[in-house]
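Worksheet: one structure, shown below.
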């Protein structure tokens, strides 16, 4: 009965792990950098057509061919020539003499950690108009459902392959009893080898449609991927696998020498480095530290779980008590070192990728890390029981309790592995938190078209929308967004939440359709700006704008 319960625990944990891969929210993960500002600003109105549109991101980005468009009010392309990329800034040259109206900017770029960033915004020249139609080549912000599922699954297979390759290779090289057959554990290691290769090829195949939003067999997109840091890292990984294949065969047969093993260690470190180089660590604030820590994290995971798999699948079943009395104490020391490495590397990773306490609980990445830490703590508790059993009796008369504990360890780490495969596709907490901050804070000024009046539309701009002196500009338009001549302008500002009554805003008509003024706003809050705009002797409109002042 106990064996049935143990197997049920393992199967249930694996099911939960795969559910984590399939059901974890991966949609927003495509945006691993933040669009911090644009010029012209989103939803703003500028008096004349600008010579270029400038996008500024929180991290360096690179181009996706023909995925940055500026669409004119009549639906034609307003951009002229190729965008210029310089670290975090993208400059999009525009055709001269652009017509008045609303322009649509579509963009799709690739962040430093190889994830796409896509979005759109509008700005208006002179006066707003109906939103322009988009063309069929416009970038798409959402990835397909297949990619949302396929990418974490491919990542999971890669991590599982590392476990099944590194763990058995290490045990076969240093702990395997000579009298036992190596065929089955070697077969398991070759399975891991194949999974790593399959995952690497799958990564390369999926990356092109993932970053470009295009088809799966787009040759130009695939060439672009292969020429990127992501593609280079994966090609190096395939090269390491090819070179390692010649050295693994004698190792699995028990005929490898010290030089061959040393070379395998070097190749292994190089191969492991391709994971962080093509992921989040490469784009962290301290990339060198993040890459080294991630290598240690992956290695510790592979050694620990891979060794446990070898214990459960082979050694507990085939090794004699005398052999286990030698193997288990050595394995216990290895496991302790691997767990310590995982713990320390995890702390450093969390400090780099999460950065604040709020980001830990308010972002998907932070919440997944919490789940991973809780589960990891439970697994370490089970592991501590196993180590205690080994210390008490190196070769227990009845190994079943130890075997059950190790089975639970394997199941728990399998779920941790599934969470890890989702984490690498999830926006880092530091970036998600920054994105939230950018969305919540005003962009240095307030600009809005107020359309609540039946007589006119009023564009209200407050600069910088902060405590202290503020400049105010008003632009009047008819209901069909044509310039509206104004006879008289009046305005007041109040802050009801703080009991501040209406303060007069002195306004000066700079043109028949444009007025300007200045006011001192003594404290932050949701200020109500009320404007009375008279357009004839008998017609006037009252317009109210609620302006967040920081």
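Each value in this text was obtained by applying a stated rule to the coordinates, not by laboratory testing. On a predicted model such as this, the values are computed, not experimentally measured, just so you know. Note that we place each Cβ from the backbone using ideal geometry, even for glycine, and neighbour counts take in every protein chain shown.
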Query raised in the report: Convex hull volume of the Cα atoms in the stretch 215-273, per residue, in Å³?
Result: 90
Query raised in the report: How big is the gap, in Å, between the Cα center of the stretch 473-550 and the Cα center of the stretch 162-182?
Result: 78
**Report entry** For the stretch 268-322: span of alpha carbons on each principal axis (Å, largest first)
**Finding:** 50, 15, 14
**Report entry** Inter-label distance, nm, simple model (7 Å from Cα along the C-beta direction), residue 205/residue 452
**Finding:** 5.6
Query raised in the report: Taking neighbour Cβ counts within 10 Å as the exposure measure, how do 286, 549 sort from fewest upward?
Result: 286, 549
Query - Surface/4 estimate of mean projected area, convex hull on alpha-carbon atoms of the stretch 304-350, nm² - result: 3.3
Report summary line: FRET efficiency (residue 478, residue 289; Cβ distance; R0 41 Å; to 0.05) is 0.10
Query raised in the report: What does a probe at residue 84 reach in the stretch 38-63, counting residues whose amide N is under 14 Å from the point 7 Å along Cα→Cβ?
Result: 51-55
Requested in this report: Grab the eigenvalues of the alpha-carbon gyration tensor for the stretch 32-142, scale each by 5, take roots, and send me the semi-axes largest first in whole angstrom.
Outcome: 23, 14, 12
Report summary line: With R₀ set to 30 angstrom, the calculated FRET efficiency between the beta-carbons of residue 538 and residue 502, to the nearest 0.05, is 0.75
**Report entry** Residue order, fewest to most surrounding Cβ atoms within 10 angstrom, among 301, 449
**Finding:** 449, 301
Query - Rg [Å, one decimal], Dmax [Å, integer] - the stretch 446-549, C-alpha atoms - result: 13.1, 38
